[in-house]
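Down below is the structure, laid out as structure tokens.
The values are calculated or read from the model by the stated rules, or taken from the named source; none is laboratory data. From a predicted model like this one, the values you see are computed outputs, not experimental measurements. Glycine also receives a Cβ, built like all others from the backbone with ideal geometry; neighbour counts cover every protein chain displayed.
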Amino acid sequence: MHERQSFFTTKQGVFTILIVILAILPLLMSDFQTNLLGRFLAFAILAVGLDLLWGYTGVLSLGHGIFFGFGAYITAIYITIESSGGGLPDFMMWSGMTELPWLWQLLSNPVAALSLAILVPMFVATLLGFFTFRNRIKGVYFTILTQALVLTMVTLIISQQQYTGGSDGLTNLQTIFGFSLSSPQTQLVLYFLTLIVLTVVFFSSLRLVNSRFGKVMVAIRDGENRLRFSGYNTAHFKTVVFTLSAGLAGLSGMLFVMQIGIVTPTMIDIIPSIEMALWVAIGGRGTLLGPVFGALLANTGSTYFSESFPEVWTYLMGLAFIIVIIYLPKGLMTIGDKLTKKRRGSHANQSAGKPTKL
Amino acid sequence: MCFTPSNKALSFVFICFLFTLAACQDGSSDSVEAEDTPADVQEAEDAEDLDEEQIPVGILHSLSGTMAMSETSVRDSELLAIEEINDNGGVLGKELVPIIEDGASDWPTFAERADKLLQEDEVPVIFGGWTSASRKAMQPVVEGHNGLLFYPVQYEGMEASPNIFYNGAAPNQQITPAIDWLMEEKGDDIFLIGSDYVFPRIANQAVNEQVEDAGGTIVEEQYTPLDHTDYNTIIARIREADPDVIFNTLNGDSNVAFFKQLYDAGITADEIPVLSVSVAEEEVQGIGSEVIEGHYASWNYYQSLGTDENIEFVERFQETYGEDRVVGDPIEAGYFMVHLWAKAVEEAGTTDTDEVRKAADGIEFAAPGGPVEINGENQHVSKTVRIGEVQEDGQFEQVWKSDEPVEPDPFLEEYDWASGLSEIVTDED
């Protein structure tokens, strides 16, 4: 009895149940809802990656939109080339281009494009990590830097409209590997692909944080100087985690763009980048499972509110976030703690700060 | 290993998630709300609320974010038209029920919401969009599901989707006549300023060809990022170049900054007049009429028009939404395009996209800005071109108008100077 209960209440257990349910849901939902949920699953992949960086290693990036954007744009460029069947995309003609720029030509190969969608963000993160972590730029300074980079990236994309479609983005994404992106079958395949990728990412991340490497990550978060004095080069560790996290963001962007069929700078701007960190915070930092729930719940919530109350939904979402942050500062994952505590009185409150009434 | 608090936590979160999913499934569809909509228009959340005697129609504008200020007014005029149609017995004897969605000033959201309206609510038509980016985001969606989009705003042309009806001005119904008028009345040296995105870029390509053909000079062409607010450098360049007129395709908040700084720099409308194509009555309110007084705009409609249809329209709009509200060109287009769609459906006898498209050719309506008629070939409408001058009270006074409604020519095929432009675009098809 205890044995069985313990599996279903471990992270692996809950995640497995979640995945089983998510695998069944398409049977019950319309094509549109399945497609929508598939996009949220792509976000969950990013949230897991961000949790590795923020929740476990203590490095807050408010610039994951950049890496998400690299993945999304590189994939979208490939799909645009495929969709336009050898011709120039329309926005390039308007901007007076006569032939495909070499950067684009490079991305007309699907294998190159899909690998670069993950490798480019990783490369950028390595470079960034190398220059910042080695110079001991950390905490809020690093966070501000990532915000500035988002702004730079968005400005760059908008200003280079002959290459990127500017503020309109890349809109006419029709086919991938010859399959129509608007057909429900393609979307169903992409849904399950995303689900499988999320599962692999989740269990690999869980292994990582339970390994020796994971212990070092947590040690960096809880006492970086001590670790450094013990002879660890924390900058290397941080760069590796940052790179990994960026790669997952790129993967997320790639899967996301295939399911929404459009990419614009608004998707990777400052606000979406902050929202990404919000999913992690709402779900619960340093839990891996929390951010998955955070991404799914926050996006389901905003879709639901915006459909039901188109006039005031942004306020409702804001209110929901505030309530969670006030009552569950450590995220939704601590909701059980709070309830147990209330029942047992203030017996077990040393772990979660001062007792709060629900 | 027993039931520890953190284990319980997991189960609890999990259950919460299931509840949320369940809640989203049925979408709390039993509540039909009517807040913020004009008197009798019933608003549905979901197509399931509707019975056989009702037709759902989608309304998709930005109700939050930077575009909300402009787009909510278009939503208002669309709801007004729906109310009028319902008061007169509806369409095909059925009541129209608007399903309102928020595009949130975010183009992917427009695509997603359009998808939802067509797939979940099965609306036969979406009235929506403002920016070209939002239209381009919705285009693959409406084409993929063979839906209909009625789009209310003037745009750069060079587009003809079988699933979109363009109710704003094509370039030849706004920009081309404005340039003609400028060169005749104000002078040949033109300074181009615009926001850096598709509409100004394409519009100015055409303007360049046209001005060159007519023997004028483009003294300089400047673009600033969207939402740019510092125009001192550009104003210095304007002084240096000393043009006869400025042709302005700036969008949104940039106009406020540009006109204020131009005013502060002491450049008056007498000295160098500015003709804008994205500044209507609402924007004039935002800029301040004393700042922009004497400058010009080119549109198909002004609130100040004295036709019977317009007086009635303005009265009804202000009665419903408040005396202080102003209307403008896109708001008028939002209003008449709902009527055009309704008439086309009546003509077709069904809401089926292909039938409505066939029936739409030649559908007319006496709009507040003068008669409009759908051109079935390119799915734009013919409309009257009007140049207006900003007055002290923030209204426009019409200083020139076309003798009759101008036929839409989105690819500028009628103009020799534009042959290079339309070739570029038609090559691709």
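Listed values, structure above:
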item: Hits in region A:280-320 - residues which are over 24 Å from A:Phe202 (Cβ atoms) and either among the β-branched types (Val, Ile, Thr) or touching a helix residue (DSSP H, G or I) at 6+ places or on another chain (Cβ under 8 Å) (or both); result: A:Tyr304, A:Phe305, A:Ser306, A:Glu307, A:Phe309, A:Val312, A:Trp313, A:Thr314, A:Leu316, A:Met317, A:Ala320
item: Test: residue in region B:280-289 that is of a type in the set (A, V, I, L, M, F, W, C) and assigned to a loop (DSSP other than H, G, I, E, B); result: yes
item: Every residue from region B:295-324 that is within 30 Å of B:Thr268 (Cα to Cα) and surrounded by fewer than 17 Cβ atoms within 10 Å (Cβ to Cβ); result: B:Ser304, B:Gly306, B:Asp324
item: Close pairs from region A:252-267: first at positive phi, partner among the hydroxyl-bearing types (Ser, Thr, Tyr), Cβ under 8 Å, at least 6 apart; result: A:Gly261/A:Ser182
item: Filter result for the condition that a residue is of a type outside the set (D, E, K, R), surrounded by 23 or more Cβ atoms within 10 Å (Cβ to Cβ), touching a residue at least 24 places away in the same chain (Cβ under 8 Å) and in contact with a helix residue (DSSP H, G or I) (Cβ under 7 Å, 6 or more places away or on another chain), over B:Ala265, B:Ala280; result: B:Ala280
item: Members of region A:302-320 that are within 23 Å of B:Met67 (Cβ to Cβ) and more than 7 Å from chain B (Cβ to nearest Cβ); result: A:Ser302, A:Thr303, A:Phe305, A:Phe309, A:Val312, A:Tyr315, A:Leu316, A:Met317, A:Gly318
item: Residues of region A:165-201 that turn out to be aliphatic (A, V, I, L, M), farther than 13 Å from A:Arg39 by Cα and touching a Gly at 6+ places or on another chain (Cβ under 9 Å), as a count; result: 3
item: Residues of region B:336-391 that turn out to be farther than 27 Å from B:Ser276 by Cβ, assigned to a strand (DSSP E or B) and in contact (Cβ under 8 Å) with a residue 40 or more places away in the chain, as a count; result: 2
item: Criterion (modelled with pLDDT of 95 or more, touching a helix residue (DSSP H, G or I) at 6+ places or on another chain (Cβ under 9 Å) and not basic (Lys, Arg)) met by exactly one of A:Thr186, A:Thr164, A:Thr199; result: A:Thr199
item: Check on A:Gly283, over 30 Å from B:Glu143 (Cβ atoms), of a type in the set (Gly, Ala, Ser), within 12 Å of another protein chain (Cβ to nearest Cβ) and surrounded by fewer than 24 Cβ atoms within 10 Å (Cβ to Cβ); result: no
item: Count of residues meeting criterion [in a helix (DSSP H, G or I), among the β-branched types (Val, Ile, Thr) and more than 9 Å from chain B (Cβ to nearest Cβ)] in region A:248-270; result: 2
item: Yes/no for A:Thr171 being within 14 Å of chain B (Cβ to nearest Cβ) and surrounded by fewer than 22 Cβ atoms within 10 Å (Cβ to Cβ); result: no
item: Hey, B:Glu156 over 11 Å from the mean Cα position of the chain (by Cα), assigned by TED's automatic domain parsing to the domain that holds B:Ser77 and free of Cβ contacts under 8 Å to residues at least 24 places away in the same chain or not; result: no
item: Candidates A:Leu206, A:Leu181 - the one that is closer than 17 Å to A:Leu50 by Cβ, within 14 Å of another protein chain (Cβ to nearest Cβ) and buried (at least 16 other Cβ atoms within 10 Å of the Cβ); result: A:Leu206
item: Residue among B:Val153, B:Val97 that alone is buried (at least 22 other Cβ atoms within 10 Å of the Cβ) and more than 19 Å from B:Ser70 (Cα to Cα); result: B:Val97
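Rundown of residues vs (1) over 29 Å from B:Ser304 (Cβ atoms); (2) within 14 Å of chain A (Cβ to nearest Cβ), yes/no style:
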residue	(1), (2)
B:Ser195	no, yes
B:Gln205	yes, yes
B:Val219	yes, no
B:Asp230	yes, no
B:Gln261	no, no
B:Asp264	no, no
B:Ile272	no, no
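Yes or no, residue by residue, for (1) in contact with a strand residue (DSSP E or B) (Cβ under 8 Å, 6 or more places away or on another chain); (2) surrounded by fewer than 21 Cβ atoms within 10 Å (Cβ to Cβ); (3) of a type in the set (S, T, N, Q):
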{"position": "A:Ile176", "(1), (2), (3)": "no, yes, no"}
{"position": "A:Val197", "(1), (2), (3)": "no, yes, no"}
{"position": "A:Phe202", "(1), (2), (3)": "no, no, no"}
{"position": "A:Asn210", "(1), (2), (3)": "no, yes, yes"}
{"position": "A:Arg221", "(1), (2), (3)": "no, yes, no"}
{"position": "A:Arg226", "(1), (2), (3)": "no, yes, no"}
{"position": "A:Tyr232", "(1), (2), (3)": "no, yes, no"}
{"position": "A:Phe237", "(1), (2), (3)": "no, yes, no"}
{"position": "A:Leu244", "(1), (2), (3)": "no, yes, no"}
